[in-house]
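For reference, the structure is listed below as structure tokens.
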Amino acid sequence: MHTMVYQEGQWYMEMESQDIKTESSSSDIDFSRINLGSGNTNFKGWLNVDVTRSAQMHVDLSDFPWPFPDECADELFASHILEHFNKEGGLRFLEECQRILKPGGSLRLAVPDLDIFINAMQGTEPEKVSGYRWTDLNHFMGGDARETNPYQRHKYMYTDGGLIHQLSQAGFDGIRRREPHALDSKQWVSFSLLMEAYK
Ligand SMILES: C[S@@+](CC[C@H](N)C(=O)[O-])C[C@H]1O[C@@H](n2cnc3c(N)ncnc32)[C@H](O)[C@@H]1O
């Protein structure tokens, strides 16, 4: 297994099994489809980027600007990561997506849907959040101190209107709800706000 790591302005390829680190140039890397905040699953055909060491490319996406060239990507996928940034950081995240997308390129987003959580709390549609108890609402709202990994804590929640506003602030066009995609987690799709937008 190898991991791409960006340190002091330079990409390195780390070969875990052999403890080897070799310099790499960004022109060696295929940035056309990037999975931002990929978690532990490295999807084939995508550049899988996460702060976790098990990701194919190890990058802290709260360090702006990201170490990706302007207009390098045709498709971006960002599932359940935007809520791990506060409102300002989330806007900065979306502006970086805008910078690295080619004109006409797409961003597919998934975040927990705040409207679904409010409805479930009021007693309608509780099945959509099955598996989570109301004590877990603190986790979704970012206030759960049981979550000790700072990268796993939520910092902001989006309604449909809130996410549309942020995407248009960041310069996106063609903002609309989308259908589930092969990369969407089946576990979370029932309470996800799925949206796509274009540069
Ligand atoms: C809820 S998981 C979602 C994983 C995957 N995208 C999915 O939908 O199953 C959130 C992911 O965002 C990553 N993450 C949070 N903050 C990050 C940051 N600043 N830079 C890179 N990754 C981050 C976490 O490490 C975690 O893997």
| field | Sorted by Cβ density within 10 Å, fewest first, the residues Lys44, Lys199, Lys87 | value | Lys44, Lys87, Lys199
| note | Fewest to most Cβ atoms within 10 Å: Asp113, Asp173 sort as Asp173, Asp113
| field | Segment Asn86-Asp28, length gained on full extension (0.36 nm per residue, minus Cα span) | value | 17.6 nm
| request: Mind ranking 175-182, 102-109, 68-75 by how tightly packed they are, going by the mean number of other C-beta atoms within 10 angstrom, highest first? | output: 102-109, 68-75, 175-182
| request: Estimate the FRET efficiency between Asp70 and Gln7 by the formula 1/(1 + (r/R0)^6), using the beta-carbon distance for r and 25 Å for R0, to the nearest 0.05. | output: 0.75
| said: To make sure I understand, if each residue's beta carbon is the centre and we count other beta carbons within 10 Å, what order do Tyr158, Tyr12 fall in, fewest to most? | reply: Tyr12, Tyr158
| task | Apply 1/(1 + (r/R0)^6) to the Cβ-Cβ distance of Leu183 and Met121, taking R0 = 45 Å, and write down the FRET efficiency to the nearest 0.05. | result | 0.95
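All of the numbers you see were taken from the coordinates with simple rules; none came from a lab. Everything numeric in this text was worked out from a predicted model, so none of it was measured. Positions of Cβ are backbone-derived with ideal geometry, glycine not excepted, and every protein chain shown enters the neighbour counts.
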